[in-house]
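A short write-up of the structure that comes next.
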Amino acid sequence: MAHPVIPQVLEIAAPIATDLGLEVVGAVFQTNHNPPVLRIDVRNLTQDDTSLNDCEKMSIALGEALETSNTLPDAYVLEVSSPGVSDQLQTDRDFIVFKGFAIEITLHTPHKGKKVWIGTLLERTESKLAISQRGRRVAIPNELVEAVQLSNQVEA
C-alpha cells in the first residue's frame with residue numbers, strides 16, 4: 001500500500017514532469033530510512049532513454065516545489081531516477097522500442113491450441129499482436145492477450 005503522502009506528491013510532480021517532457025511512472029516514500037527517502041521514477045517522453053540531465057532537472061524543480069508546498073515538513077531525501085527497463089511490455093512505446101526482440105505472450109484463452117507463444121515481435125496494431133516464429137508470421141488477436149514480456153528463450 002502506498003504511503004498517504006504519495007497522491008499529494010504526484011499532484012505536484014506530474015505537471016512539473018510534463019513541463020520538462022517527462023512522465024512520472026512511479027513514486028514511493030520509504031519511511032524505513034533515516035531520513036526517509038522519496039523516490040520518483042520518470043521517463044522521457046520524446047527519447048528512448050531518460051538521461052541523468054532529465055533526472056537532475058526534475059529533482060531541482062520538484063525539490064523546490066515540495067519545499068514551498070510543505071507537503072513533507074520533516075527532513076527527507078529526494079531521489080529522481082529512470083525506472084529502468086521492465087521485462088513487461090505494456091505501452092505503445094514498449095512495443096515500438098522492443099520491435100525485433102524475443103517476447104513471450106501469455107493468453108487467457110488459447111489461440112490455435114496454445115496459451116503461450118514465443119517469437120520475435122513484429123508489430124502491435126489495434127486488433128492484433130504479430131510475431132515471427134521461425135520466419136512465419138503469426139497474428140494473435142489482442143483481446144486474447146493477458147501479458148507480454150521480453151523473453152530469453154529461442155523461438156518455439
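The values are calculated or read from the model by the stated rules, or taken from the named source; none is laboratory data. Just so we're clear, the structure is a prediction, and the values are computed from it rather than from any experiment. We place every Cβ from the backbone using ideal geometry, glycine too, and count neighbours over all the protein chains shown. What goes into the accessible areas is simple: the full protein's heavy atoms, side chains included, and nothing from ligands, DNA or RNA. Shrake-Rupley method; radii C 1.70, N 1.55, O 1.52, S 1.80 Å.
Overview of values
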quantity	calculated
Failed condition for residue 87, given (1) in contact with a Ser or Thr (Cβ under 6 Å, 6 or more places away or on another chain); (2) under 24 Å from residue 26 (Cα atoms)	(1)
Residue within region 90-100 that is surrounded by fewer than 15 Cβ atoms within 10 Å (Cβ to Cβ) and touching a Ser or Thr at 6+ places or on another chain (Cβ under 7 Å) present	yes
Filter pass, residue 103 being under 21 Å from residue 133 (Cβ atoms) and touching an Asp or Glu at 6+ places or on another chain (Cβ under 9 Å)	no
Given (1) in contact with a helix residue (DSSP H, G or I) (Cβ under 7 Å, 6 or more places away or on another chain); (2) open to solvent by 50 Å² or more (accessible area, probe 1.4 Å), number of the condition residue 129 does not satisfy	(2)
Sole residue being in contact (Cβ under 8 Å) with a residue 12 or more places away in the chain, hydroxyl-bearing (Ser, Thr, Tyr) and within 30 Å of residue 126 (Cα to Cα), chosen from 31, 50	50
Lone qualifier among 72, 62, 66, 38 - being open to solvent by less than 30 Å² (accessible area, probe 1.4 Å), within 17 Å of residue 5 (Cβ to Cβ), touching a residue at least 12 places away in the same chain (Cβ under 8 Å) and assigned to a loop (DSSP other than H, G, I, E, B)	72
